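Some notes on the structure that comes next.
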Amino acid sequence: MNVAEVLEAHKTLKEFQYEITPLERGYTDKSLHIDVGSKEITIRDIPALVKEKFIGGKGYGLKFLWDATTPDTKWNDPENEIIISGGPICGITQYSGTGKSLVVTISPQTDSAMDSNVGGWFGPFLKICGFDAIELQGIAEKEVIVIIDGRNGGTIRIEEAPADPIDSHELSELLTEMYCPNESDKMKIAVVSSGTAADHSLIGMLNFSFYDKKKQRVRLKQAGRGGIGTVFRKKNIKALVALVPKVEGDMNKVVDMKAIMERGQRFNKEIKELDDKQCEMRTKGTAHLVEIMNDYDLLPTHNYKFGSHKEAGKIHSEVWKAMFAQGTPDGCWLGCHMSCAKGVNNYVLRTGPYKGQCVIVDGPEYENAGGLGSNCGIFNPDYIVEANFYCDTYGICTITWATLLAFVMECFENGILNEDRTGGLKLNFGNADNAMELLHQLARGEGFGKVAGLGVRKMKEMFGANGWGDPQFLQDIGMENKGLEYSEYVSKESLAQQGGFALTNKGPQHDEAWLIFMDMVNNQIPTFENKAEALHYFPMFRTWFGLVGLCKLPWNDVEPENNAQTNEPAKVPEHVDNYVTIYKAVTGKEFDKHQLIRDSERVYNYQRMFNLRRGFGTRKWDAQPFRAAGPVTKEEYESRQERYDKQLKEIIGFDPEGKTTEEKQKVLRQYRENRYEQLKDAVYKRRGWDENGVPKLEFLKEIGMDLPELVELRTKYDKGEWRLK
């Protein structure tokens with residue numbers, strides 16, 4: 001349908017007028033609750049205690065989700081909510097990376113609280129419209145579009161959605177044109193949407209739009225992890241739209257703009273002078289990591305079996321640099337000078353329902369190159385770009401899709417799957433054509449595509465139950481933890497990174513702790529205590545970004561020239577001080593780097609207890625697939641035999657001479673699994689948890705998180721009155 005057809009068929013189901021609460025010190029202290037089933041719209045005050053304990057962003061999402069649901073609420077129940085919140089710093093334009101919002105829901109993949117950070121304009125625009133958070137609940141009878149209109153006073157509308165389109169690139173463009181037909185107004189709209197593959201899978205994601213004025217195109221950023229888009233589509237929400245009259249330089253009404261501007265100007269100078277020598281974010285985005293990971297044997301290849309490949313040069317960062325549009329302000333929020341949201345302009349699609357269409361592709365980022373590419377054994381840049389585009393517009397997570405596809409390919413090569421079981425698809429490593437067809441099948445809700453859309457955990461269970469493969473082998477090679485697929489780094493030689501993936505609350509996502517270089521390359525954290533300290537500090541520090549509305553990339557992807565000479569270079573202390581200064585300047589609150597960690601500890605432990613409430617949150621759920629820790633197969637061991645034999649002899653004290661590969665594998669596995677259990681013990685102790693991974697009641701009191709609901713839950717758990725899964 002075109003804009004005229006949509007307007008002609010347009011129908012408003014509910015309209016609600018409200019008075020916009022202006023921002024003050026980064027907050028409105030209001031949340032917007034919309035039940036799309038009953039069409040009830042409510043504006044709620046956010047209590048001072050919630051603001052103090054949960055800060056914003058992810059914190060608000062977890063608190064509101066807890067209050068809205070029960071321990072037994074399923075992801076597809078009407079009472080499950082999707083909460084979007086940006087936090088107090090979200091929306092300032094004087095420092096790079098300040099446009100992030102956090103999305104929280106009960107996940108179809110993990111059955112517990114999922115959070116995913118995202119750029120784009122919706123988070124800041126929601127605040128301009130008068131709300132620190134939005135809660136979406138219920139299931140609409142028919143597909144709807146929810147409009148938050150901050151122009152000419154405040155209006156919220158629930159509108160009947162047009163039948164087509166569904167996929168994000170077309171829907172976002174259509175709605176942008178529909179609500180902002182004048183070019184001058186297209187900077188005043190943000191659209192949240194998903195796509196057809198989210199309708200048929202558990203791995204759906206949300207796209208958040210932003211308008212690229214120079215390219216005159218709508219672009220997309222993704223809240224990717226955990227199936228949030230699947231929940232969105234189950235609620236029969238086709239799109240969520242925010243409209244604003246304008247974006248002001250001080251929309252947050254901060255306390256000390258001068259301090260924010262001084263820090264922003266200093267950091268912008270660093271980017272200008274140092275980025276080309278450090279990470280090249282302005283020309284390559286995160287794709288600059290491809291060859292670095294390959295050189296250090298960390299680039300996931302063939303379902304994480306290997307860490308490098310002779311063909312990796314075909315997806316080298318210079319290849320992406322040549323494909324990316326250069327010299328444009330690629331920031332996903334206004335004022336961000338990192339310009340890392342790179343994209344491929346005018347790409348003509350070769351396959352699928354949009355074959356021949358000329359599109360803009362947002363990415364590939366490193367995760368897409370490493371996941372869709374090397375992890376699946378496909379070293380074809382055009383395939384990676386095409387798959388990247390279709391994952392986005394179909395509304396599924398590229399990381400999840402890449403990791404589950406790599407698992408499927410290894411299963412195919414081991415006879416667990418065959419053409420009879422895949423409906424005729426040859427899904428061996430490197431088979432780009434059939435990989436694309438599988439993706440299109442999922443979007444159509446057909447064939448083996450729907451099986452793949454279940455994710456790794458449910459495929460492991462299904463294949464084992466059908467007698468197609470050994471359940472232990474499936475467990476070893478299925479790269480998921482807590483139901484969430486791994487992001488794209490090989491963690492075998494970094495015990496700390498194994499913990500950084502599997503000791504997370506939501507599952508193995510690198511946004512919590514990326515410690516490979518500290519641990520493996522630089523040997524900065526050699527002892528269990530060192531690793532435990534890192535696995536306390538960095539997850540707490542990164543949690544804080546999700547509380548206040550910050551992107552993590554400006555923290556350490558460009559560093560001050562003297563950073564290596566500081567006492568704690570891994571923490572980038574000058575940038576930490578920037579964030580402390582900015583938080584104080586926005587909110588006017590007393591604050592330091594220690595309070596930053598303490599604020600995060602409260603929310604982090606609340607999420608751990610949320611997992612317990614859902615029946616998880618204990619030691620057994622922190623188990624990792626052995627592929628994350630060491631070689632599962634003979635081929636895998638022998639590909640690095642010299643390394644592993646040396647470790648057996650020098651570290652374990654086992655002489656490999658004359659031993660079979662299987663004998664050596666057994667000894668190495670026992671050693672590495674034992675080391676991981678020891679790491680758990682050290683991390684639990686440092687985090688204030690008991691030996692089963694549950695926060696101690698005295699620790700909850702110490703950090704000021706002894707809320708009645710947590711005390712009650714912990715007490716029931718101690719008495720054995722709480723059911724665990």
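The values are calculated or read from the model by the stated rules, or taken from the named source; none is laboratory data. Model, not experiment: these values are computed from the prediction. Glycine gets a Cβ as well: all are built from the backbone with ideal geometry, and neighbour counts include every protein chain shown.
Checked against the criterion of being surrounded by fewer than 19 Cβ atoms within 10 Å (Cβ to Cβ) and either in contact (Cβ under 8 Å) with a residue 40 or more places away in the chain or touching a Phe, Trp or Tyr at 6+ places or on another chain (Cβ under 8 Å) (or both), the range 189-203 has no qualifying residue. Screening Ser116 with (1) within 25 Å of Glu480 (Cα to Cα); (2) small (Gly, Ala, Ser); (3) not in a strand (DSSP E or B) gives one miss only, at (3). Please work out which one of (1) assigned to a strand (DSSP E or B); (2) in contact with a helix residue (DSSP H, G or I) (Cβ under 7 Å, 6 or more places away or on another chain); (3) not β-branched (Val, Ile, Thr) is the condition Arg219 fails and give its number. If we test Arg219 against (1) assigned to a strand (DSSP E or B); (2) in contact with a helix residue (DSSP H, G or I) (Cβ under 7 Å, 6 or more places away or on another chain); (3) not β-branched (Val, Ile, Thr), just (2) comes out false. Being surrounded by fewer than 22 Cβ atoms within 10 Å (Cβ to Cβ) and either among the hydrophobic types (A, V, I, L, M, F, W, C) or not assigned by TED's automatic domain parsing to the domain that holds Met261 (or both) holds for only one residue in Ala402, Ala312, Ala387, and it is Ala312. Of all the residues in the range 374-405, those that are in a helix (DSSP H, G or I) and under 19 Å from the mean Cα position of the chain (by Cα) number 17.
For the range 629-640, check the following and say yes or no: at least one residue is surrounded by 15 or more Cβ atoms within 10 Å (Cβ to Cβ) and in contact with an Asp or Glu (Cβ under 6 Å, 6 or more places away or on another chain). Yes, the range 629-640 has at least one match.
Here's the yes/no breakdown for (1) surrounded by fewer than 16 Cβ atoms within 10 Å (Cβ to Cβ); (2) not hydrophobic (A, V, I, L, M, F, W, C):
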| site | (1), (2) |
| --- | --- |
| Arg421 | no, yes |
| His440 | no, yes |
| Gly445 | yes, yes |
| Val451 | no, no |
| Val456 | no, no |
| Met459 | no, no |
| Leu474 | no, no |
| Ile477 | no, no |
| Glu480 | no, yes |
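Output the residues belonging to the range 430-474 that are on the phi > 0 side of the Ramachandran plot and either in a helix (DSSP H, G or I) or free of Cβ contacts under 8 Å to residues at least 12 places away in the same chain (or both). The answer is Gly447, Gly467. Look at (1) buried (at least 19 other Cβ atoms within 10 Å of the Cβ); (2) of a type in the set (Gly, Ala, Ser); (3) over 30 Å from Glu270 (Cβ atoms) and you find that Gly653 fails only one, number (1).
Taken as a whole, the condition of being aliphatic (A, V, I, L, M), farther than 28 Å from Val580 by Cα, in contact with a helix residue (DSSP H, G or I) (Cβ under 6 Å, 6 or more places away or on another chain) and not assigned by TED's automatic domain parsing to the domain that holds Gly370 does not apply to Ala532.
Within the range 661-679, at least one residue is surrounded by 14 or more Cβ atoms within 10 Å (Cβ to Cβ) and free of Cβ contacts under 8 Å to residues at least 24 places away in the same chain. Has the range 41-58 got any residue that is assigned to a loop (DSSP other than H, G, I, E, B), surrounded by fewer than 17 Cβ atoms within 10 Å (Cβ to Cβ) and without any contact (Cβ under 8 Å) to a residue 40 or more places away in the chain? Looking for residues that are assigned to a loop (DSSP other than H, G, I, E, B), surrounded by fewer than 17 Cβ atoms within 10 Å (Cβ to Cβ) and without any contact (Cβ under 8 Å) to a residue 40 or more places away in the chain, one finds at least one in the range 41-58, hence yes. When Gln665, Gln678, Gln670, Gln595 are checked against the criterion of being farther than 29 Å from Glu493 by Cα and of a type outside the set (Phe, Trp, Tyr), a single residue qualifies: Gln595.
Only residues that are in contact with a strand residue (DSSP E or B) (Cβ under 7 Å, 6 or more places away or on another chain) and under 16 Å from Arg613 (Cα atoms) were counted across the range 686-725, and they come to 3.
Got at least one residue in the range 259-281 being without any contact (Cβ under 8 Å) to a residue 40 or more places away in the chain, in a helix (DSSP H, G or I), touching a Leu at 6+ places or on another chain (Cβ under 9 Å) and crowded, with 17+ Cβ neighbours inside 10 Å? No, because not a single residue in the range 259-281 is without any contact (Cβ under 8 Å) to a residue 40 or more places away in the chain, in a helix (DSSP H, G or I), touching a Leu at 6+ places or on another chain (Cβ under 9 Å) and crowded, with 17+ Cβ neighbours inside 10 Å. Sub-7 Å Cβ pairs linking a first residue in the range 373-393 that is within 23 Å of His200 (Cβ to Cβ) and in contact (Cβ under 8 Å) with a residue 24 or more places away in the chain to a second residue that is among the aromatic types (Phe, Trp, Tyr) and part of a helix (DSSP H, G or I), at least 6 apart or interchain, are Cys391/Trp401, ordered by first then second residue.
The residues of the range 174-188 include none that are polar (S, T, N, Q), in contact (Cβ under 8 Å) with a residue 12 or more places away in the chain and surrounded by fewer than 17 Cβ atoms within 10 Å (Cβ to Cβ).
Residues in the range 4-21 that are in contact with a Lys or Arg (Cβ under 7 Å, 6 or more places away or on another chain) and closer than 16 Å to Phe125 by Cβ: Thr21 alone. Flag set for Leu417, criterion: buried (at least 22 other Cβ atoms within 10 Å of the Cβ), without any contact (Cβ under 8 Å) to a residue 60 or more places away in the chain, over 30 Å from Tyr604 (Cβ atoms) and touching a Cys at 6+ places or on another chain (Cβ under 7 Å).
Restricting attention to the range 452-473, which residues are over 14 Å from Thr403 (Cα atoms) and of a type in the set (A, V, I, L, M, F, W, C)? Those that are over 14 Å from Thr403 (Cα atoms) and of a type in the set (A, V, I, L, M, F, W, C): Met462, Phe463, Ala465, Trp468, Phe473. For Gly97, the conditions (1) outside any loop (DSSP other than H, G, I, E, B); (2) touching a residue at least 60 places away in the same chain (Cβ under 8 Å); (3) crowded, with 24+ Cβ neighbours inside 10 Å all hold with the exception of (1). The set of residues from the range 282-333 being free of Cβ contacts under 8 Å to residues at least 12 places away in the same chain and either touching a Gly at 6+ places or on another chain (Cβ under 6 Å) or outside any helix (DSSP H, G or I) (or both) comprises Lys310, Gly327. Criterion applied to Lys284, Lys269, Lys253 was being at pLDDT 95 or above and farther than 30 Å from Glu367 by Cα, and the one residue passing it is Lys253. Here Phe389 meets the list (1) at pLDDT 95 or above; (2) farther than 22 Å from His169 by Cβ almost entirely, failing just condition (2).
Checked against (1) buried (at least 20 other Cβ atoms within 10 Å of the Cβ); (2) in contact (Cβ under 8 Å) with a residue 40 or more places away in the chain, Pro353 passes all but a single condition, namely (1). Report whether or not Ala585 is among the small types (Gly, Ala, Ser), outside the structural domain of Leu484 (by TED's automatic domain parsing), closer than 30 Å to Arg723 by Cα and more than 19 Å from the chain's Cα centre (by Cα). When the stated conditions are applied, Ala585 does not pass them.
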